[in-house]
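Data block below; observations after.
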Amino acid sequence: MPRIVTMAAAQLGPIPRSETRAQVVERLLVLMRDAAARGADIIVYPEAALTAFFPHWWIEDEAELDSWFETAMPSNETAPLFAEAKRLKIGFHLGYCELAHEQGRKRRFNTAILVDKSGAIIGKYRKIHLPGHAGHEPWRPFQNLEKRYFEIGDLGWRAWRTMGGVMGLMICNDRRWPEAWRVLGLQGTEMVMLGYNTPQHDPAMPQTDPLQDFHNHLSMQAGCYANGTWAVCVAKAGVEEGIMQIGGSCIIAPSGQIVAQALGRGDELVMAACDLDACTPYKETMFNFARHRRPEHYGMIVERTGSLPPD
Ligand code: CDT
């Protein structure tokens, strides 16, 4: 008997700076209802799905910065998502920017949550790989200030047994790092959910601009294959406040093959019925970690010292 989990990738088009949370949530609800009507078990929204991607701008005023963050989840504005998910019996993944009061101070994270079909938050991840820079770099046509606005996530990469499978989360830049996939793979993850906001133009590395879509899919397809997992990978796409962001939202099988992909760069649902048992041959043969993975022989001296061993 196959173990089918029907997944919906809810790509979002641009969110203008002026769009309110309530307006964005209305867009998310339209996609959720459509996904539920088409039989989805889980809908996956992108990274920082409730607002424009503000790390592209230099912000000095603390109150202004705070206004981009959620201090509660659910909040008044996001409560309708939770209520509708419960009513429709659909799980969801949501990326958002989290302002927490912990350790006697404000802490800001780039966060994703996994919500089950009863509307309960069952998993939470805070982004570990924060790209970009911490200072103002006016030479850039736009900033990439995640290192300024967020702390490095402190929850690790975790997988949860829920909704019929083993589900794991990562966020955007994490997808380029094999470590993220492997840590989830080592926990037996069968379905990775991730969202991204990726500009078409990288001011620090413009030679890769024509390769953005290739590198996007390359990292995610390789991560799926080498860990025998499905992934649902979801963009905030299109021209947002003058910055073109790639699309290419997709659902990837444990073979590494893309089974469904977005056609455009606007709000769009991409769906696939994913058989979690399709992970098994990869996990039990080629990537049977217990039988074949040999970290004790990997020559970790570079990892320990940060340099090559002396000749
Ligand atoms: N949001 C995020 O992590 N974006 C980065 C941009 C890197 S610059 C091309 C990413 O890895 O997609």
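The values are calculated or read from the model by the stated rules, or taken from the named source; none is laboratory data. Keep in mind the model is a prediction, meaning the values are calculated, not measured. Glycine also receives a Cβ, built like all others from the backbone with ideal geometry; neighbour counts cover every protein chain displayed. Ligands, DNA and RNA are excluded from the accessible area calculation, which covers all protein heavy atoms including side chains. Shrake-Rupley method; radii C 1.70, N 1.55, O 1.52, S 1.80 Å.
Using C-alpha pairs under 8 Å with a sequence gap of at least 6, the mean separation divided by the residue count of the chain gives a relative contact order of 20 percent. Among the chymotrypsin sites (Phe, Trp or Tyr not before Pro) found in segment 246-310, those both in a DSSP coil and sparsely packed, with 11 or fewer other Cβ atoms within 10 Å of their Cβ, are Y298. The region of the chain that goes longest without hitting one of the trypsin sites (Lys or Arg not before Pro) in a DSSP loop, each with at most 15 other Cβ atoms within 10 Å, is 90-292. Among the GluC sites (Glu not before Pro) in segment 33-115, those placed in a DSSP loop whose Cβ has at most 10 other Cβ atoms within 10 Å are E60.
Return, ordered by residue number, the residues of segment 142-178 whose backbone nitrogen is under 11 Å from a label point located 7 Å along Cα→Cβ of S75. Hits in segment 142-178 for S75 at 11 Å: none. So with the 1.4 Å probe, I'd like the accessible area per residue for the chain, rounded to whole Å². It amounts to 43 Å² per residue over the chain. Taking all Cα pairs closer than 8 Å and separated by 6 or more residues, the relative contact order of segment 33-121 comes to 35 percent.
In plain terms, the chain from D154 to R107 could stretch by 15.8 nm, reckoned as 0.36 nm per residue minus the Cα-Cα distance. About the centre of its Cα atoms, segment 1-81 shows a dipole size close to 660 debye [charges on the beta carbon of Lys, Arg (+1) and Asp, Glu (-1) only; nearest 20 debye]. Computed over the alpha-carbon atoms, segment 14-91 gives an Rg to Rh ratio of 1.02, Rh here being the Kirkwood radius from the mean inverse distance.
Here the extension length gained between H201 and R38 equals 55.2 nm, from 0.36 nm per residue of separation less the Cα-Cα distance. Expressed as a whole percent, the proportion of Cα-Cα pairs in the chain lying more than 37 Å apart is 13%. Of the solvent-accessible surface of the chain, computed with a 1.4 Å probe and all protein chains present, 56% belongs to carbon and sulfur. Remark: the chain carries a charge dipole of roughly 900 debye about the Cα centre, counting +1 on each Lys and Arg Cβ and -1 on each Asp and Glu Cβ.
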